[in-house]
Each structure stands twice: as structure tokens, then as C-alpha cells.
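Reading through the C-alpha cells given below for one structure.
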Amino acid sequence: MNPDYDDEYRRRQRARAKVTGWLLGGMVVLFFAIAWARMMH
Amino acid sequence: MPSPAVPITPALPAEWRDFLALTKPRVMTLVVFTALCGLLAAPVHINPILGFTAILCIAVGAGASGALNMWYEADLDARMKRTKNRPLPAGRMDRQSALHFGVALGVGSVVLMGLAINLLAAVILAVSILFYVLVYTVWLKRRTPQNIVIGGAAGAFPPLIGWAAATGRIELLPLLLFLLIFLWTPPHFWALSLFVRTDYAAAGVPMLPVVAGIQTTRRQVLIYTLPMAAAAVAPWPLGLTGAIYGVTASLLTAWFAILAVRVAVSRETDQALMKPERALFKFSILYLFVLFGALVIDRLVLA
């Protein structure tokens, strides 16, 4: 395998994993906030 | 079916930016803004967290529509200058990823809207996504020059969803806002299609200037501007808004009509020299932003 190709492949995977992680974390916070808001409502 | 110009499997996995590009962020700006205005203009106070969730669901739903549109139209996008650098025609992403992404966003946004906000808003959101994807993209766009007239309804849903999210009901004012965007879409897109018509012709999209000619399109721009003007100003005499909206709508709509008349009387056939068409297209975007902004200010002042 071409090392440049492998590096680029891993870099993209890492970047996507990081963004997915942030989105999932955001969704956890959002769901908690929604549950709290609906209870207050 | 994808054209041979669209690679089936790209060499590398798509970047996250390509997924973001699938959601058409620029189109989403207007969707989010009009939805927010619909929500804020409603005569009911909504919890800010729930309001944020509703707008997020509408934005994600619009993103789903954009992604599914790009998934279906990859072959068409590859043939147009304006769209050939999108992730699918440029070969940066495989079609299946775009399909899965679009479906996941669409289902997620509707389910979250239903669970967190209310069923009515979720149903209208689902209808708007399905309308854009199935009625506009799959059915109308490649078949009839009336594609954007009927398809324009898809872009008219956001203020209705915003209002329904806040109140749980549909009333006359959000229906007029729906009608306004519905009638605004033809002059807006036909102005654009006049100065990019060779692009549409090359891609085989039956836009009005390609099928019926430039002069017919110019007449249609003016014809659709008249009912649009009525829908824009109507909330004021009907007592649904105050003078802030009424005066703003009257002035802006008058200027819109003047630009539409300039388009209608123009005889220019060189796309590069179509100044009235470009002016109308640019102003039509500003028009909607300012009109909806004035509506919110008016309603807040009245409240």
C-alpha cells in the first residue's frame, strides 16, 4: 500500500470520527435539555 | 441512474465537509430564517430549548432534502457548471453514503420533532421532505417547466412548521406566509434560470426559458409577481400584522414589482448582459429576509 494513501485514509477517518463524536455528545446534551424543558413545561 | 461521469466508488472515504456540503448550507440559511420567523411570529411563548430543537429539526430536515436531492441528481449535477463540484459529481463520495446520510437525517429530524415538539409539526416536516424529494426532485424537475411552480411549495413549509411547533395549530397568517414563499419561488428561480439557461439546457432540465423561450419566461416572472405582491401585503389589511410589517411589505414589494417589470420589458438575449434578471434574483433573496424580519419585529412590537 502507498503510505501517503494510508496516511490520508487514516486522517479522514480520524476527522470523521471526531466530528461524529462531537455530534453525539451534542445530542446527549440536547436530549437532556429537552427532557428538562418538558418537565418544567 | 448515475452517468459514466459519476464514479461509483471513490478511492478515499469522503471528508466530513463533503457530508456538510450535501445539506446545502446556503439554502438552509433561508429555511432556518423563515422557520425562526414563523416560530417567533406565533402568538405563543415557546420554551427556548424547545424552540431551538424545533429549528434544529427543520434545519436537519432541510439538510436531508438537500442530501437526497444530490443523491438522485448526481448525473444531472455532473453536467452543470454550477453543480459539477458537488461531492457526488466530483467523485469525492459514493452515492450510497449520500443516500444513507439523507435518510438518516430525514428520519431523525421527523422523529425528534414528533417526540420533543408536537405531532403536527413533525407531520408537516415529513410532508415537506417527501414533497421536495419525491414530488419536485424525482417527479417534476426533469419532466415539466412547471417544476419550480409546484416544487416551490417544498420551500414554503418552514414558516408553517415554525408556527405549528410553537402553537400546535395552523392559522391564517402562517398560511399566507406559505403562499408568499410559494408565489415568490417562480420569479426568483426564473430570474436565475434566464441567465444560466444554457447550463440547464446542457443538463436537459426543462426549465421555462429552455422550453418556452426567454420572452415567455419574462412575462411569467411578472405574472407571478402580482399574486405574490397580494400575498405579501395581505396580512396588513386583514389585521394580522401592524404598520411596521405593512409599510415594509408595501415598499419592498413595490420595488420587487419594478424589478419584475424591468425583466419583463427587457429584450436582452446575451446571458452575460442580463442585468435586470441578476438584479431581481439578488433582490428577491434580500426581499424575503427583510420581509420576514419585519414580520417578527412587528409581531414583537404588537405583543
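Coordinate-derived values only; no laboratory data. Everything quoted here is computed from the prediction, not taken from an experiment. With ideal geometry, Cβ positions are generated from the backbone for all residues, glycine too; neighbour counts draw on all protein chains shown.
Annotation for the stretch B:72-119: trypsin sites (Lys or Arg not before Pro) lying in DSSP loop with at most 12 further Cβ atoms inside 10 Å of their Cβ are B:Lys81, B:Arg82. Within a straight-line Cα-Cα reach of under 14 Å, B:Lys24 can be paired with the following aspartates and glutamates, leaving aside sequence neighbours fewer than 8 residues apart in one chain: B:Glu73, B:Asp77. Calculated mean residue ellipticity, 222 nm, the protein assembly as shown: -25000 deg cm²/dmol, from DSSP H runs (n ≥ 4) at -39500 (n - 2.57) each, averaged per residue and rounded to 500.
If the convex hull of the alpha-carbon atoms of the stretch B:170-240 is projected onto planes in all directions, what is the mean projected area in square nanometres?
Numbers: hull surface 21.3 nm².
If you wrap the Cα atoms of the stretch B:170-240 in a convex hull and average its projections, you get 5.3 nm².
Inter-chain Cβ neighbour count for B:116-123, averaged per residue, equals 1 (cutoff 10 Å, partner chain atoms only). Summarising the overall dimensions of the stretch B:227-288 from its C-alpha atoms, the Rg and Dmax are 13.9, 45 angstrom. Taking square-rooted eigenvalues a ≥ b ≥ c of the alpha carbon gyration tensor, is the stretch B:186-303 rounded, prolate or oblate, where a/c under 1.5 means rounded and, failing that, a/b exceeding b/c means prolate? The shape class here is prolate.
Find how many whole Å separate the alpha carbon centroid of the stretch A:1-30 from the alpha carbon centroid of the stretch B:236-251. Using only Cα atoms to place each centre, the spacing works out to 50 Å.
What FRET efficiency comes out for the pair B:Leu300/B:Asp270, r = Cβ-Cβ distance, R0 = 51 Å, nearest 0.05?
Values: r = 46 Å, r/R0 = 0.91.
Using R0 = 51 Å, I get an efficiency of 0.65.
With 5 Å bins beginning at zero, the pair-distance distribution over Cα atoms of the stretch B:7-112 amounts to 2, 13, 21, 21, 16, 11, 8, 5, 3, 1, 0 %.
Remark: chain B carries a charge dipole of roughly 620 debye about the Cα centre, counting +1 on each Lys and Arg Cβ and -1 on each Asp and Glu Cβ. Arranged from fewest to most other beta-carbon atoms within 10 Å of their beta carbon, B:Trp139, B:Trp184 become B:Trp139, B:Trp184. Neighbour counts of C-beta atoms inside 10 Å place B:Ser284, B:Ser250 in the sequence B:Ser250, B:Ser284, starting with the fewest.
Candidates B:Ala41, B:Ser97, B:Ile297 compared by Cα position along the dipole of chain B: farthest toward the positive end lies B:Ser97, with charges placed on Cβ. Can you pull a Stokes-Einstein diffusion coefficient for chain B at 4 °C (1.567 mPa s), Rh from Kirkwood over Cα pairs, as a whole number of µm²/s? Translational D for this selection: 65 µm²/s. Taking 1.567 mPa s as the viscosity and 4 °C as the temperature, the Stokes-Einstein diffusion coefficient of the stretch B:104-144 based on its alpha-carbon Kirkwood radius rounds to 120 µm²/s. With a cut-off of 12 Å between beta carbons, the residues surrounding A:Arg11 carry a summed charge of 0, where Lys and Arg count +1 and Asp and Glu -1. Indicate the gyration tensor shape class of the protein assembly as shown (rounded, prolate or oblate), computed on the Cα atoms with a ≥ b ≥ c the square roots of the eigenvalues: a/c under 1.5 is rounded; otherwise a/b larger than b/c is prolate and the rest oblate. Oblate shape, in that a/c is at least 1.5 and b/c is the bigger or equal ratio. Residue by residue along B:48-61, Cβ atoms of other protein chains within 10 Å of the local Cβ number 2 on average.
So if each residue of separation counts as 0.36 nm, and I subtract the Cα-Cα distance between B:Val111 and B:Thr29, what length gain in nm does that give? Don't skip to the answer; put the middle values down first.
Details: separation 82, 0.36 × 82 = 29.52 nm, distance 2.21 nm.
Gain on extension, B:Val111 to B:Thr29, equals 27.3 nm.
Residues B:Tyr224, A:Tyr9, ranked from the fewest to the most other C-beta atoms within 10 Å, line up as A:Tyr9, B:Tyr224.
For the peptide B:14-25, the mean number of other protein chain Cβ atoms found within 10 angstrom of a residue's Cβ is 2.
P(r) for chain A, from all Cα pairs and a bin width of 5 Å, is 6, 21, 13, 13, 11, 9, 9, 6, 6, 4, 2, 1 %, short bins first. Each label point was placed 7 Å from the Cα along the Cα-to-Cβ direction; for B:Ile170 and B:Val138 their separation is 2.2 nm.
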